[in-house]
1. So who's got an amide H within less than 5 Å of the one on His150, skipping anything under 5 residues away but keeping other chains? H placed 1.01 Å off N, in plane.
2. Dipole size in debye (nearest 20) for the chain around its Cα centre, Lys and Arg Cβ +1, Asp and Glu Cβ -1?
3. For the chain, set up a GNM with springs between Cα atoms under 10 Å and report which of Ile60, Ile72, Ile49 has the largest fluctuation.
4. Just add up the charged neighbours of Thr152: K/R +1, D/E -1, any other residue whose Cβ is under 15 Å from the Cβ of Thr152.
5. What's the exposure ranking of Asp53, Asp125, Asp154, going from fewest to most Cβ atoms within 10 Å?
6. Restricting to Cα pairs below 8 Å that are 6+ residues apart, what does the relative contact order work out to for the chain? Please round to a whole percent.
7. Set the Förster radius R0 to 25 Å, insert the Cβ-Cβ distance between Ala128 and Gln34 as r into 1/(1 + (r/R0)^6), and round the FRET efficiency to 0.05.
8. Which one of Val70, Cys85, Ala175 has its Cα pushed farthest toward the positive end of the charge dipole of the stretch 24-179, where Lys and Arg give +1 and Asp and Glu give -1 at the Cβ?
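What follows is calculated from the coordinates using simple rules that are stated; it is not laboratory data. The structure presented is a predicted model; accordingly, all values stated were derived computationally and were not measured. Cβ: placed from backbone, ideal geometry, glycine included. Neighbour counts: every protein chain shown.
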Amino acid sequence: MSEIKDTPSFVARSSLTFRAPNQRDGVAVWRAVQQAGTLEPNTAYFYLIFCSDFRETCLIAEDDKAIAGVLIGYHPPNDPETAFCWQIGVLPAWRGQGLGKRMLCAWLNLPANREVNWVTATVADDNAASDQLFRSFARSLSATCSVEPHFTADHFPAGHRPEPIYRIGPIPKAARKRV
Ligand SMILES: CC(C)(COP(=O)(O)OP(=O)(O)OC[C@H]1O[C@@H](n2cnc3c(N)ncnc32)[C@H](O)[C@@H]1OP(=O)(O)O)[C@@H](O)C(=O)NCCC(=O)NCCS
């Protein structure tokens, strides 16, 4: 199975390692999303696809035992300067310690995101933790964070919250090295 040769794998302060996943991680990522809660879980097959075909734009944080956090992302086909964060989840034991923000920073600095000037995500309008995470990330980058209606309630099956889109950028080159 091929590994990404140019993806940095670095150990952060809490001895967590950040790396792009590979398809052997698919099941663990699927489980981690369920354990994170709040996130809408997709099928195991979905995570296998993202841990293989889209792996360069995804990230996992792990210690020597297990996954601590996952980020599923991609470049929208019509907008290669943008990295879309589809799902980010931090396991409950790791929350509130800055890991979510460190994961976003590590993700932005992946080789595949080198040319990215914007980060987008949709966030359910009642998800305060996620709202604060993306706003804090934007502040770290000295970038603006606009929030606009995007997927409204009528786009979803009944009972789903609206998901406005957060658009962070433009991201100054100097700022991305700093984070
Ligand atoms: C959202 C989530 C990833 C944040 O991860 P985290 O590691 O706890 O976040 P961090 O510790 O990096 O905090 C980042 C910022 O958000 C704030 N924040 C984190 N959790 C918060 C909460 N529950 N309420 C309000 N603010 C919160 C922090 O204070 C911090 O702000 P600051 O930098 O200005 O001090 C995590 O809560 C989670 O996995 N939730 C379940 C899944 C989910 O909802 N994912 C997002 C959907 S896209």
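1. Amide H to amide H, under 5 Å and 5 or more residues apart or across chains, His150 pairs with Glu163, Ile165.
2. Working: 19 positive and 18 negative charges, 161 e Å.
The calculated dipole for the chain is roughly 780 debye.
3. Largest GNM mean-square fluctuation: Ile49.
4. Values: positive: Arg161; negative: Asp125, Asp126, Glu148, Asp154, Glu163.
Counting the neighbours of Thr152, the net charge comes to -4.
5. Details: Asp53 11, Asp125 15, Asp154 8.
Neighbour counts put them in this order, fewest first: Asp154, Asp53, Asp125.
6. Working: 324 pairs, mean separation 29.5, N = 179.
The normalised contact order for the chain reaches 16 percent.
7. Details: r = 21 Å, r/R0 = 0.85.
My answer for the efficiency is 0.75.
8. Ala175
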